[in-house]
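The next block holds one structure in the form of structure tokens; read it before the comments.
The values are calculated or read from the model by the stated rules, or taken from the named source; none is laboratory data. This is a predicted model, so every value here is computed, not measured. Cβ placement follows ideal geometry from the backbone for every residue including glycine, while neighbour counts extend to all protein chains displayed. All accessible areas refer to the heavy atoms of the entire protein, side chains included, with ligands and DNA or RNA removed. Shrake-Rupley method; radii C 1.70, N 1.55, O 1.52, S 1.80 Å.
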Amino acid sequence: MLRLLQKLLILLWRIWFYVLIIVPIIILLPFLLISVAKDSWYPYFFKMARLWARIILYGMGFWPEVKGLEKTEQGKSYMYIANHTSMTDIMLMLSSVRNPFVFVGKQELAKFPLFGYFYKQTCILVDRGDPKSRRAVFESAQNRLNQGLSICIFPEGGVPDDTSIVLDTFKDGAFRLAIDHQVPIVPMVFYDNKKRFSYEFFTGTPGLMRVKVLPFIQTKGLKAIDRKTVKEQAFKAIHAELLKDQAYAET
């Protein structure tokens, strides 16, 4: 009986998550529509997106805590990357980063009602099975960087099906873009999202969501041939932090 009650509460909590996604969009709809009318108005959209993200996080009982080893400069472009384990990664990234950035993400998310419209209007969408789509990403990223914006990519390319995987293999895209456009890479570690709100439906709990901003990886002067080295450096930095935290939790 207790187990059944627990599952019911988690079910209602999970449904509440989708309510929190949609309701603020409906309330802010006129302002959101105006903010996506011109590319130059994107920073206003970004401010509302950060508010939306925080409503969801705090509404679900999540408390973000961000610790940075290095600070970003206002008005400078960066490539933000982080491990990807949960639907809340998008909200936590928005909540944690002040510099306006644009997500590079899977085009499948554009199918979601209402949310999908703004996702399509403001993000750089990629179809990983289409080489033309991947090439178009680089052109779109160039335009966004020229506008003084930053880019955010989850380099694993998706959430691993096997939840025991600490960190999946990184794809090249984020590192190729960062080197091509000579922007610093900002590695970020999301320690708790898998535990708080994983893709396993009847799991999760409210609580702390810790974020750590690791030392930036500079790309100035690097060439395309350095992509693999930079990718490995970023992977090792995030992976080491996750393993360290996992070992601490088990003691």
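Structural remarks
- Matching helices (runs of 4 or more DSSP H) fully within region 81-154 where at least 1 residues are open to solvent by 50 Å² or more (accessible area, probe 1.4 Å): 115-122, 131-146
- Residues (open to solvent by 10 Å² or more (accessible area, probe 1.4 Å) and either without any contact (Cβ under 8 Å) to a residue 60 or more places away in the chain or within 14 Å of the chain's Cα centre (by Cα) (or both)) located in region 180-198: ASP180, GLN182, TYR191, LYS194, LYS195
- Qualifying residue in region 34-43 (condition: modelled with pLDDT under 95, surrounded by fewer than 14 Cβ atoms within 10 Å (Cβ to Cβ) and not in a helix (DSSP H, G or I)): yes
- When residues of region 53-71 are limited to those that are touching a Phe, Trp or Tyr at 6+ places or on another chain (Cβ under 9 Å) and in a helix (DSSP H, G or I), the one surrounded by the most Cβ atoms within 10 Å (Cβ to Cβ): ILE56
- With respect to (1) in contact with a Pro (Cβ under 9 Å, 6 or more places away or on another chain); (2) in contact (Cβ under 8 Å) with a residue 40 or more places away in the chain; (3) crowded, with 17+ Cβ neighbours inside 10 Å, the lone exception for LEU242 is condition (1).
- Exactly one residue among PHE101, PHE170 is more than 25 Å from ARG54 (Cβ to Cβ) and at pLDDT 95 or above, and that residue is PHE170.
- Pairs linking a residue in region 98-110 that is over 22 Å from TYR44 (Cβ atoms) to a residue that is part of a strand (DSSP E or B) and open to solvent by less than 30 Å² (accessible area, probe 1.4 Å), with Cβ atoms under 7 Å and 6 or more positions apart or on different chains, are LYS106/VAL126; GLN107/VAL126.
- Residue check, ARG50 out of contact with any strand residue (DSSP E or B) (no Cβ under 9 Å at 6 or more places or on another chain), farther than 30 Å from ARG176 by Cα and either among the basic types (Lys, Arg) or open to solvent by 70 Å² or more (accessible area, probe 1.4 Å) (or both): no
- GLY158 falls short on exactly one of the conditions (1) outside any helix (DSSP H, G or I); (2) touching a residue at least 60 places away in the same chain (Cβ under 8 Å); (3) at negative phi, and that condition is (3).
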